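Please treat every number below as a calculation from the coordinates, not as lab data. All figures in this text were calculated on a predicted structure; none of them were measured in a lab. Neighbour counts run over all protein chains shown; Cβ positions are idealised from the backbone, glycine included.
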Amino acid sequence: MTIPRFGEALLEVTATSTLGSALNQLRELPKGGRERIDYRIFGRLNVSGMGTLPFERRGDVQLPALQTPPRKPLPAGSDRT
């Protein structure tokens, strides 16, 4: 894809993560009322005539409010454990 100087384009990017890292982040969401997730993106951009240019970006993303649905009452005589 060629993007003109000072131009803009939407690029499709393949991202990878380890399963362990993703699960750890998901597990931590409800703890401590986290409202944001930190991220880091890095790689190399191949620019014709210039070779490759490394890039890195860090930041955080606001999470949508997570609401837990109300529990349904159990029938009389049953015990919730």
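Beyond 12 Å, what share of the Cα-Cα pairs of segment 19-62 remains, rounded to the nearest whole percent?
Values: 667 of 946 pairs.
Percent of Cα pairs beyond 12 Å in segment 19-62: 71.
With an 8 Å Cα cut-off and a minimum separation of 6 or more residues, compute the relative contact order for segment 19-62 in percent.
Details: 43 pairs, mean separation 15.5, N = 44.
Relative contact order here is 35 percent.
What is the packing order of peptides 4-14, 46-56, 18-28, taking the mean over residues of other C-beta atoms within 10 Å and listing the highest first?
Numbers: 4-14: 5.9, 46-56: 8.2, 18-28: 9.7.
Final packing ranking: 18-28, 46-56, 4-14.
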